[in-house]
Amino acid sequence: MNKLFMTETAIHALLDGMARDLSRRIAEQGVDAPLMVGIHTGGVWIARELARRLALAMETPLGELDISFYRDDFTQIGMNPQVKPSHLPVDLDGRNIILVDDVLHTGRTIRAALNELFDYGRPRSVMLAVLISRAGRQLPIQADISGLEPAIDPQDHIILKGPDTLELYLGEPGAKDRAE
Amino acid sequence: MEAFGNTRLQLRDNGRLRHFLTLDGIGRELLTEILDNAESFTGVSERTVKKVPLLRGKVIANLFFENSTRTRTTFELAAKRLSADVLNLNIDASATSKGESLLDTLRNLEAMHCDMFVVRHASSGAAHFIARHAAPHVSVINAGDGRHAHPTQAMLDMFTIRRHKGDFSQLRVAIVGDILHSRVARSQILALNILRAGELRIIAPRTLIPAEARNLGVHVYHDMDKGLNGVDVIIMLRLQRERMRGARLPSEHEFFQRYGLTEQRLRLARPDAIVMHPGPINRGVELDSHVADGAQSVILQQVGFGIAVRMAVMSMALGPGPAP
């Protein structure tokens, strides 16, 4: 059974804070014409929300990344039956990328996403923004912007549901965790 | 027709693909999954780096006992885009001519840690035979066996139709030409039935229609003009000149007169009908050059889609998925 961890209202408050942090970063670092790229599926929803809040700063449409072809556990779990094509609307060479995901946990999804991004081109920089950053990293990867860093039982899964109403749920062990 | 033993051979206990030998026994859901996966692989060809790391470290051997440059090339490209290592073995020219048995050749390739065999053979059932004798970790893909099956070709045809027409249930599809000798036609008919295509017609002279045709759930036409009337998809088959024995046809010229696709005949189909052909085309025998190169022809798209479909099949067979 999944139990509600965070309501829509609370998530939108986190997104407001992330958007403020992001625009400060963008201004400080002089990041020019950033391209926001969401990781399927939850990351795309978060990217959409952030892009809407940063409307003035964003000139290009959203990119979408499905990292299924880059997973390191393919031989164990096989093809993900719901792979969506990745879509990057512009040339990545020399671009500043804001990579967005819903939950940062082991870091393996981000590793896969970085590998995939570099198969599309050579970005100038990549910044990572996540709604939830939880403990349990297995790779040297950290978020530049995170909405919340909650203490979660290592056994629990945290799942973002959406896209119309964004809600975070805690799942018992065995519940399917899309994020990582 | 598909009498090569247990078709469950190609599925794992969890229902996932292990080999891909025939469309017989493959459910609609699995077939649709192949098409969906192929859809996501089409994007890979358009990127700067036309490669994904999915099958890195896997070894795929193309075992071609019968020549086919294009099919072998698209399988090779599909494997390479998945980052697998590829061995191309032209068997006729090597081992068997020195007297090595087929099973000895297989054992040697297994000892080299091959993970997949892509098999093309002039004998029906060859891929099944190899699959039955392959080591447990090895997957076999049928790239055409005798008159029996050519499942990846049929799947790329289904992919092309779905890209252009979407839903199969309302479609009228005509397959024209040498049905008798065509493993492509057999696999297409199975696939179209599994996908529940609205109406399936075969158009050919009596001498080029197999005796069991009436049991295939198809409408048989000997008059091409009648058969093409109102169809959405026209699949032309290659005249298998090298497989013809005896006088099944008076002449290629006469064949073109009666069953060649001309611009004039194409107008009998729906105005948005697409024209397909598995290649290589015999211009002026199966179809007119103007039709082959015309706006309704999707023949070259089929080649490109073939790579994506083969990537899907290879990655599904080599990614076993969770235990049942």
Fill in: Selection within the range B:256-289 - closer than 21 Å to B:G166 by Cβ, among the β-branched types (V, I, T) and in contact with a Leu (Cβ under 8 Å, 6 or more places away or on another chain)
B:V275
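Of everything in the range B:71-85 that's over 15 Å from the mean Cα position of the chain (by Cα) and surrounded by fewer than 19 Cβ atoms within 10 Å (Cβ to Cβ), which residue is nearest to B:L54 (Cα to Cα)? Steps first, please.
Taking the range B:71-85 and keeping what is over 15 Å from the mean Cα position of the chain (by Cα), we get B:76-77, B:79-85.
From what is left, the residues that are surrounded by fewer than 19 Cβ atoms within 10 Å (Cβ to Cβ) are B:77, B:80, B:83, B:85.
Numbers: B:L77: 14, B:K80: 10, B:S83: 7, B:D85: 12 Å.
Only one residue fits best here, namely B:S83.
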Worksheet item: Hey, among B:L63, B:L23, B:L17, B:L30, which residue is surrounded by fewer than 22 Cβ atoms within 10 Å (Cβ to Cβ), within 21 Å of the chain's Cα centre (by Cα) and either at pLDDT 90 or above or more than 9 Å from every other protein chain (Cβ to nearest Cβ) (or both)?
Response: B:L30
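Any idea which residue in the range B:66-87 is farthest from the other protein chains (Cβ to nearest Cβ), counting only those that are of a type in the set (S, T, Y) and part of a loop (DSSP other than H, G, I, E, B)? Can you show your working first?
So in the range B:66-87, the residues of a type in the set (S, T, Y) come out as B:68-69, B:71, B:73-74, B:83.
Next, from what is left, pick out any that are part of a loop (DSSP other than H, G, I, E, B): B:68, B:83.
On the way: B:S68: 27, B:S83: 10 Å.
The selected residue is B:S68.
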Worksheet item: Tally time: how many residues in the range A:1-22 are more than 30 Å from A:Q155 (Cβ to Cβ) and either in contact with a helix residue (DSSP H, G or I) (Cβ under 6 Å, 6 or more places away or on another chain) or surrounded by 16 or more Cβ atoms within 10 Å (Cβ to Cβ) (or both)?
Response: 2
Practice prompt. Can you tell me which residue within the range A:42-67, out of those that are in a loop (DSSP other than H, G, I, E, B) and out of contact with any helix residue (DSSP H, G or I) (no Cβ under 9 Å at 6 or more places or on another chain), is farthest from the other protein chains (Cβ to nearest Cβ)?
Written response: A:A55
Worksheet item: Mind checking whether some residue in the range B:41-48 is within 14 Å of chain A (Cβ to nearest Cβ), touching a residue at least 60 places away in the same chain (Cβ under 8 Å) and of a type outside the set (A, V, I, L, M, F, W, C)?
Response: yes
Practice prompt. Scan A:I98, A:I26 and give me the residue that is over 24 Å from B:R47 (Cα atoms), crowded, with 17+ Cβ neighbours inside 10 Å and more than 14 Å from chain B (Cβ to nearest Cβ).
Written response: A:I26
Response to the item:
Note on the range B:281-299: residues modelled with pLDDT under 95 and out of contact with any strand residue (DSSP E or B) (no Cβ under 9 Å at 6 or more places or on another chain) are B:N282, B:R283, B:G284, B:V285
Practice prompt. Hand me the list of strands (runs of 3 or more DSSP E) wholly inside the range A:68-180 holding 3 or more residues that are farther than 27 Å from B:V52 by Cα and touching a strand residue (DSSP E or B) at 6+ places or on another chain (Cβ under 8 Å).
Written response: A:125-133, A:145-148, A:157-161, A:167-171
Practice prompt. Return yes when B:T42 is part of a helix (DSSP H, G or I), more than 23 Å from the chain's Cα centre (by Cα) and either among the hydroxyl-bearing types (S, T, Y) or crowded, with 23+ Cβ neighbours inside 10 Å (or both) and no when it is not.
Written response: no
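In the range A:108-163, which residues are aromatic (F, W, Y) and buried (at least 19 other Cβ atoms within 10 Å of the Cβ)?
Pass one, the range A:108-163, residues aromatic (F, W, Y): A:118, A:120.
If the condition is that a residue be aromatic (F, W, Y) and buried (at least 19 other Cβ atoms within 10 Å of the Cβ), then A:Y120 is the only one that fits.
Regarding A:P163, is this residue under 30 Å from B:L31 (Cβ atoms) and more than 14 Å from chain B (Cβ to nearest Cβ)?
Taking the combined requirement at face value, the residue satisfies it.
So, of the residues in the range B:289-324 that are free of Cβ contacts under 8 Å to residues at least 60 places away in the same chain and touching a His at 6+ places or on another chain (Cβ under 9 Å), which turns out to be farthest from the other protein chains (Cβ to nearest Cβ)? Please lay out each step first, then the result.
The first filter runs over the range B:289-324 and keeps only residues free of Cβ contacts under 8 Å to residues at least 60 places away in the same chain, leaving B:289-297, B:299-300.
Subsequent filtering for residues that are touching a His at 6+ places or on another chain (Cβ under 9 Å) retains B:292, B:297, B:299.
Details: B:A292: 30, B:S297: 25, B:I299: 24 Å.
My answer is B:A292.
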Worksheet entry | Failed item, numbered, when A:P89 is tested on (1) farther than 19 Å from A:K161 by Cβ; (2) under 18 Å from the mean Cα position of the chain (by Cα); (3) touching a residue at least 40 places away in the same chain (Cβ under 8 Å); (4) surrounded by 13 or more Cβ atoms within 10 Å (Cβ to Cβ) | (4)
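The values are calculated or read from the model by the stated rules, or taken from the named source; none is laboratory data. As the structure is a prediction and not an experimental result, all values here were calculated from the model. Quick reminder, even Gly has a Cβ in these numbers, built from the backbone with ideal geometry, and neighbours come from all protein chains shown.
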